[in-house]
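J.: Structure incoming, see below.
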Amino acid sequence: MNLSKNYKQLAGKAGFKISRVLHVGTYYDPDIVRDIVLLGKFRGQKAVMKISSWPEGINEIKDILSFFKNNKSKTVTAPKVLSYKPFDGEKSWFISEFVKGTRIIPGSWPNPLSSSAEKEEMAKIYVEYIKNFRFANRPPALIESRDAAFFVKSRFFRWLDLANNSTHPKKDILLPRFDAALKILERGFKNRPLQYVHSHFSNDHIIKSKGKYYLVDFANAGYKPELYELGFVVWNLSFLSCWQSRVGFKRWLKETTDWENVFLKLVAGPLNYKEREFLKLLRLNMLERCIGAILADIAANKTRTENEKKWMLNIYLPLADYYIKKLFR
Ligand SMILES: Nc1ncnc2c1ncn2[C@@H]1O[C@H](COP(=O)(O)OP(=O)(O)OP(=O)(O)O)[C@@H](O)[C@H]1O
Ligand SMILES: [Mg+2]
């Protein structure tokens, strides 16, 4: 379904009065619109309507409802769902209360760097969230049906395919890193389980309001390697902000290391990991994000400028090398 054409009519039919478009979700290409997020009013209350034309939308509603059923946290929650329509083969939508708030790292746009206090807050909220996200709404998909090594490998090849038509980065700089990273990740994640998680837990998807933390965007919930989102949090901050504020590799490496230290201090213990095991898993996830950044976000992406891509490549190639070296035995 062409959402850009139909969203006004769909909102009207649902009884949602649009005040403005809040966000347009695309898939690596500005022309592939998978969802539209609207701000407006529903039954007299300020609300947000998300209309999705992708099957992920079916699961998003299920996941939010399951989250409410299972979540025992007093601090981590989600915007209340006011109305919804399950996927009908073309689209699905849900309307939730509008939550006015800030981010844990309010300056992340345009500055990806954060204070120790902000990092610590993120780490504590992660622990609280992950302890409460203990459900799975669907059986594993094929690539989710084995161990973490199989999942990561399959995803790598999917990205490789997405990046196929791109001239960035050149084969001779990409492929040796791809090979090395794949070997390390296959070995490191061998026989490690996958865990059903929100998948996009990050600064962009947490609204902080009156002492509570509201998780949004459950559309990508699925099976991921343990601690996957710790790498995701850090990766998410770098895009697009490193380019905007001209943070280069050396500074970003320091920042990444600061994040690792905070996670080690505040997450490993509460989630019952031994330090060494935790650090290894964390770095495997960081390396996975580096390859994801290079293949999917840089090479395959059609929404970013060439300068932006060049900047990010100058961060992510040496960062991949850094983790390859750290993890190589
Ligand atoms: N209930 C809400 N109250 C306030 N803001 C919200 C609410 N729901 C969503 N938002 C805002 O809208 C943004 C986009 O929503 P969401 O992340 O669900 O869309 P998306 O298209 O899936 O995003 P992505 O581009 O990450 O795929 C969120 O990052 C958040 O800032
Ligand atoms: Mg989102």
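J.: Of the conditions (1) assigned to a helix (DSSP H, G or I); (2) buried (at least 16 other Cβ atoms within 10 Å of the Cβ), A136 clears all except one; give me its number.
T.: (1)
J.: I'd like the full set of residues that are within 16 Å of ligand 1 (Cβ to nearest atom) and either assigned to a strand (DSSP E or B) or assigned by TED's automatic domain parsing to the domain that holds L65 (or both), limited to the stretch 183-200.
T.: Here is the first cut: in the stretch 183-200, the residues within 16 Å of ligand 1 (Cβ to nearest atom) are 197-200.
V197 - this is the single residue of the stretch 183-200 that is within 16 Å of ligand 1 (Cβ to nearest atom) and either assigned to a strand (DSSP E or B) or assigned by TED's automatic domain parsing to the domain that holds L65 (or both).
J.: Condition (residue is loosely packed, with under 14 Cβ neighbours inside 10 Å and either out of contact with any strand residue (DSSP E or B) (no Cβ under 8 Å at 6 or more places or on another chain) or under 24 Å from R187 (Cα atoms) (or both)) applied to the stretch 278-301: is it met by at least one residue? Walk me through how you get there before you give the answer.
T.: Step one: list which residues in the stretch 278-301 are loosely packed, with under 14 Cβ neighbours inside 10 Å, which gives none.
There is no residue in the stretch 278-301 that is loosely packed, with under 14 Cβ neighbours inside 10 Å and either out of contact with any strand residue (DSSP E or B) (no Cβ under 8 Å at 6 or more places or on another chain) or under 24 Å from R187 (Cα atoms) (or both).
J.: From L237, L175, which residue is surrounded by fewer than 21 Cβ atoms within 10 Å (Cβ to Cβ), aliphatic (A, V, I, L, M) and assigned to a helix (DSSP H, G or I)? Reasoning before the result, please.
T.: Values: L237 fails: surrounded by fewer than 21 Cβ atoms within 10 Å (Cβ to Cβ).
Being surrounded by fewer than 21 Cβ atoms within 10 Å (Cβ to Cβ), aliphatic (A, V, I, L, M) and assigned to a helix (DSSP H, G or I) holds for just one of L237, L175, which is L175.
J.: Just one of (1) under 30 Å from N191 (Cβ atoms); (2) in contact with a helix residue (DSSP H, G or I) (Cβ under 6 Å, 6 or more places away or on another chain); (3) charged (D, E, K, R) trips up D217, so point out which.
T.: The single condition D217 does not satisfy is (1).
Listed here are the residues, each with its yes/no results for (1) at pLDDT 95 or above; (2) β-branched (V, I, T); (3) more than 14 Å from ligand 2 (Cβ to nearest atom).
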{"position": "R192", "(1), (2), (3)": "yes, no, yes"}
{"position": "V197", "(1), (2), (3)": "yes, yes, yes"}
{"position": "N220", "(1), (2), (3)": "no, no, no"}
{"position": "W259", "(1), (2), (3)": "yes, no, yes"}
{"position": "L264", "(1), (2), (3)": "yes, no, yes"}
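J.: Tell me, which residue of the stretch 1-33 that is of a type in the set (V, I, T) and at pLDDT 95 or above is farthest from ligand 1 (Cβ to nearest atom)?
T.: Initially, the stretch 1-33 is screened for residues of a type in the set (V, I, T), giving 18, 21, 24, 26, 32-33.
Now restrict to residues that are at pLDDT 95 or above: 18, 21.
Details: I18: 14, V21: 10 Å.
Of everything passing the filter in the stretch 1-33, I18 is farthest from ligand 1 (Cβ to nearest atom).
J.: Hey, another quick one. May I ask you to say which residue of K310, K254 is surrounded by fewer than 19 Cβ atoms within 10 Å (Cβ to Cβ) and within 18 Å of A123 (Cβ to Cβ)?
T.: Numbers: K310 fails: within 18 Å of A123 (Cβ to Cβ).
Result of the check over K310, K254: K254.
J.: If we scan the stretch 36-44, do we find a residue that is small (G, A, S) and either modelled with pLDDT of 95 or more or surrounded by fewer than 16 Cβ atoms within 10 Å (Cβ to Cβ) (or both)? Working first, answer last.
T.: Taking the stretch 36-44 as the starting set, the residues that turn out to be small (G, A, S) are 40, 44.
Subset that is either modelled with pLDDT of 95 or more or surrounded by fewer than 16 Cβ atoms within 10 Å (Cβ to Cβ) (or both): 40, 44.
Yes, the conditions are met somewhere in the stretch 36-44.
J.: Still on this structure, please answer the following. I'm trying to understand the selection: among the residues of the stretch 266-324, which are among the polar types (S, T, N, Q) and either in a helix (DSSP H, G or I) or not assigned by TED's automatic domain parsing to the domain that holds G248 (or both)?
T.: Of all residues in the stretch 266-324, those among the polar types (S, T, N, Q) come to 272, 285, 301, 303, 305, 307, 314.
Within the stretch 266-324, N285, N307, N314 meet the criteria.
J.: Please verify whether V247 is more than 16 Å from ligand 1 (Cβ to nearest atom), modelled with pLDDT of 95 or more and outside any helix (DSSP H, G or I), treating the condition exactly as stated. Steps first, answer last, please.
T.: Values: more than 16 Å from ligand 1 (Cβ to nearest atom): yes; modelled with pLDDT of 95 or more: yes; outside any helix (DSSP H, G or I): yes.
Yes.
J.: When the residues of the stretch 77-128 are filtered to those that are in contact (Cβ under 8 Å) with a residue 60 or more places away in the chain, touching a strand residue (DSSP E or B) at 6+ places or on another chain (Cβ under 9 Å) and of a type in the set (V, I, T), which remaining residue is farthest from K50 (Cα to Cα)?
T.: Only one residue fits best here, namely I125.
Matching residues to (1) more than 16 Å from ligand 2 (Cβ to nearest atom); (2) over 18 Å from D204 (Cα atoms):
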| position | (1), (2) |
| --- | --- |
| R20 | yes, yes |
| Y28 | no, no |
| V37 | no, no |
| G44 | yes, yes |
| A47 | yes, yes |
| I61 | no, yes |
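J.: How about the stretch 67-107: which of its residues are modelled with pLDDT of 95 or more, small (G, A, S) and buried (at least 18 other Cβ atoms within 10 Å of the Cβ)?
T.: Correct list: A78, S96.
J.: Now for a separate question. Return the pairs, sorted by first residue and then second, in which the second residue is within 11 Å of ligand 1 (Cβ to nearest atom) and part of a helix (DSSP H, G or I), the first residue lies in the stretch 196-219 and is more than 20 Å from W235 (Cβ to Cβ), the beta carbons are less than 6 Å apart, and the residues are 6+ apart or on different chains.
T.: Hits for this filter: zero, empty list.
J.: Can I ask one more? For residues in the stretch 115-133 being closer than 27 Å to L65 by Cβ and aliphatic (A, V, I, L, M), which is surrounded by the most Cβ atoms within 10 Å (Cβ to Cβ)?
T.: Residue satisfying both the conditions and the ranking: M122.
The values are calculated or read from the model by the stated rules, or taken from the named source; none is laboratory data. Quantities reported herein were computed from a predicted structural model and do not represent experimental measurements. Cβ atoms come from the backbone with ideal geometry, glycine included; neighbour counts cover every protein chain shown.
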